[in-house]
Every structure is written in C-alpha cells, then in structure tokens.
1. In this structure, does ILE241 turn out to be exposed (fewer than 12 other Cβ atoms within 10 Å of the Cβ) and either in a helix (DSSP H, G or I) or not β-branched (Val, Ile, Thr) (or both)?
2. Restricting to region 22-41, and then to whatever is surrounded by 17 or more Cβ atoms within 10 Å (Cβ to Cβ) and basic (Lys, Arg), can you tell me which residue is nearest to CYS61 (Cα to Cα)?
3. Based on this model, can you work out whether VAL270 counts as surrounded by 13 or more Cβ atoms within 10 Å (Cβ to Cβ) and closer than 13 Å to LEU188 by Cα?
4. Do you know which residues across region 282-304 are closer than 14 Å to GLY122 by Cα and either in a helix (DSSP H, G or I) or of a type in the set (Lys, Arg) (or both)?
5. Quick one: THR304 ticks every box in (1) surrounded by 15 or more Cβ atoms within 10 Å (Cβ to Cβ); (2) touching a helix residue (DSSP H, G or I) at 6+ places or on another chain (Cβ under 7 Å); (3) farther than 19 Å from GLY190 by Cα bar one, so which box is it?
6. Assuming VAL54 fulfils every condition listed in (1) assigned to a loop (DSSP other than H, G, I, E, B); (2) crowded, with 17+ Cβ neighbours inside 10 Å; (3) at pLDDT below 80 apart from one, which condition is it?
Amino acid sequence: MDQAPGSPQGPQNRESHAAPELPVCYRHPDRESGIRCTRCERPICPECMVSASVGFQCPECVRSGSGTGHAPGASRPRTLAGGTITQDPRLVTKVLIGLNLALFLVQRSVGDRFTEWFDLLGQAYVPLLGSVEGVAQGQWYRLLTAMFLHGSYIHILFNMLSLWWIGGPLEAALGRARYLALYFTSGLAGGALTYLIAAPNQPSLGASGAIFGLFGAMAVLMRRLNYDMRPVIALLVINLIFTFNPAFNIAWQAHIGGLVAGVVVGYAMVHAPRKRRALVQYGTCALVLAVVVLMTLLRTAQLT
C-alpha cells in the first residue's frame, strides 16, 4: 500500500516519535515524576521530596543521614494526611479491636449489670441497678463507654470485621493520631445524636457510630485519590439498608451521626492545606466535638 508523503515509514519510525514515559515514584507507583533523589537516584514525587543542600533526597536517604540540617521530625516520611509512617500501619486498629473484644468478654462474664452501667442511656429507671441512670444524670462517660460494648456475638463480629477492613487502610493513609481523632470524634458524634433524638429510655451500644465515621472518611479519601468509589459506596448502601430495617432494631441515629462526622473530619484530614494542615485537621475535630457538647447540653436541659 502506498503511503502519503512525509508519513512515518514503518513501526520503528512510529516508536521514535512516541513521547517517552516518565518514571514513577518508588514510594507511590501511581505518580509519575521527573525528579530523582540526589543520593540513590530513585524517582520521587513532590510528597516524598526532602530539600537538601543540592537538589532533593528521598525519605530513606534522609533517615540514613542526609546532611540537610533539618530537624529529625521534618525528615520523616509522611502519609497523605501528614501523619508519620510507621512500621505497623494497623497497630491502632488492632488495639481498638482488642479493646472491644476484651470488654465484650467482660460483658459476658459479669452479666447485664456491667452493660447497664456503661451503655448509652438518656434517662430512665434501671431496675437492675435500682436507680435512675443516664447521660442526663451527669453520666457523660456513657457517650464514650458505649462505643466499646456490644449486644451479641453477631453484633461484635460484623463491627470488628468492618473495623479491620475499613480501619486498617484508613489508619495507614492518615497516620495513628489523625486516625484516632477521626474514630473517637465520629463515635462521640453518633452517640450525641442518639442522645438528642432517641427516646430517653432507649439504651444503645456498639462501635457502629465510629465505624460509620470511618466509612465516610474512606469515601472522601478514595475520592481524593481518584479511586473507583463503587465498592465503598455499595458497602455503605448495604449497611444503611440494614440500619433502617426495623427488623434489626438498630440505633440509626448513631450511624448517621458518625457518618456525617466522618465525612466532615475526613475531608479536613485529606484536603487540608499543607502549611496549616494540623491546625485545620485538629481544629475541625474540635468544632465537631463542640457540636457534640452542644447537643448533649441541649438534650440534658430538655430532660432535667
């Protein structure tokens, strides 16, 4: 077949005109980079670059002795949210699962009296304790302790599996401190909304509020990384279907409160500007906690 004048002559010429592919960051394979570490010459993306006297170095070379003059903390590799990368990125998740399992065993051993002491209750007379109990009676600790109690083996099984599947990757992406802040802020927000809306004599317990917060933050993170969000959305929709099914007798208020708080805090965690990252991230957590306190005070004023 004849070729038009000036057209490439065969596959070799076509290859010669193709744009060369950039190497990818050795720590983030999804990111192309034209910058290399001045010591080991591995490609590094902007997030991994540490300024040196000449050019940039990778986090590993910095830790081994870069001579940059930076403070030790400035040389540590960071997560997407600015947290410190650790050897065991799931340690906090493992500890949280361990605490939930340990307290569930205490519940099984001590009996209902232990649960009645620490579950989330607005205000009601508890025959087993022989007195009026609840958050409205000044027992604010119930907003926290109820996050570590569960009503059955199925209840704790599903919650702990969700915590492992969602919490582990999220901890690795945020770092331990930010992950803990997200977890407890979401859990307390779920508890506060339950206290505000649910009947005062309706007890509630479980880690679901905190876990729904992790769901919300994971959706924000996946959006930030341009990942396929369909799996996490599908999982979230399935959980919401169970949440609003009357047959399961679930405190939907905790799920919704935790989910909203998780989305808000998660957005601050992954979208905060670099220069004021910690201020924006922890400031957002403080604002959400302020709303938690406000809801708790409002409901307490209604019940007393």
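1. Numbers: exposed (fewer than 12 other Cβ atoms within 10 Å of the Cβ): yes; either in a helix (DSSP H, G or I) or not β-branched (Val, Ile, Thr) (or both): yes.
Here the answer is yes, as ILE241 does meet what is asked.
2. Top of the filtered list is ARG39.
3. Values: surrounded by 13 or more Cβ atoms within 10 Å (Cβ to Cβ): yes; closer than 13 Å to LEU188 by Cα: no.
For VAL270, the condition - surrounded by 13 or more Cβ atoms within 10 Å (Cβ to Cβ) and closer than 13 Å to LEU188 by Cα - is not met.
4. Those that are closer than 14 Å to GLY122 by Cα and either in a helix (DSSP H, G or I) or of a type in the set (Lys, Arg) (or both): MET295, THR296, LEU297, LEU298, ARG299, THR300, ALA301, GLN302, LEU303.
5. Looking at each condition in turn, THR304 falls short on (1).
6. The one condition VAL54 does not meet is (2).
The values are calculated or read from the model by the stated rules, or taken from the named source; none is laboratory data. Treat the numbers as computed from the prediction; the structure is a model and nothing was measured. Quick reminder, even Gly has a Cβ in these numbers, built from the backbone with ideal geometry, and neighbours come from all protein chains shown.
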